[in-house]
Amino acid sequence: MNVGALVYAQLAAAAAVGAVAADRILPIEVDQETELPAIAYTVQLGESADGTAPLQRAVVTVHALAHAESQAHDLAVAVDGALNGFAGRDGGTVLGPLSRSGWQPDYTQELNIWSVSLTYEGWATY
């Protein structure tokens, strides 16, 4: 399993996330046909750090999207509850505890979409 799959599994298992977004948890972006509220997430891995373990900096970005500001906020709170402090392992993939490093609300008037972008940082090893 890769880090993206660990993040997806954690979001999909979180009852609070499911209560708002159901199964609309998508990698990279949410297309215009997807019903909102929904989540788009990305995982970026940095270069390996020197040392005895093959550690890579992991940056997870999650966009909580909705047509109502309150829904975007509620979804962001649910995502934060699922990911802030999350650490996971599957086989040889280990994701160290994620720590939230960003929370940015936004509104796109032409699409009538409220969003909250959350950023988390941690370490990963394969």
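Where a number appears in this text, it was derived from the coordinates with a stated rule and is not lab data. Just so it is clear, the structure is predicted and the values come from calculations on it, not from any experiment. Cβ placement follows ideal geometry from the backbone for every residue including glycine, while neighbour counts extend to all protein chains displayed.
Here are some notes:
- Net length available on complete extension from A15 to N2 is 2.4 nm, with 0.36 nm assigned per residue and the Cα-Cα distance removed.
- Rounded to 10°, Cα long-axis angle of helix 69-83 versus longest principal axis of the chain: 20 degrees
- Net charge contributed by nearby residues that have their C-beta within less than 13 Å of V3 (K/R +1, D/E -1): 0
- DSSP bridge analysis restricted to the chain gives an antiparallel fraction near 90%, rounded to the nearest 5.
- Placing dummy labels 7 Å off each Cα toward the beta-carbon, the span from E121 to Q104 is 1.5 nm.
- Label-to-label distance, nm, for residues given as V59 and Q44 (7 Å Cα→Cβ offset): 0.3 nm
- For the range 3-125, the Stokes-Einstein estimate of translational diffusion at 37 °C and a viscosity of 0.692 mPa s comes to 224 µm²/s, using the Kirkwood hydrodynamic radius over alpha-carbon pairs.
- For E110, E29, the sequence from fewest to most other C-beta atoms within 10 Å is E110, E29.
- Neighbour-count ranking [beta-carbon atoms within 10 angstrom, fewest first] of Y126, Y107: Y107, Y126
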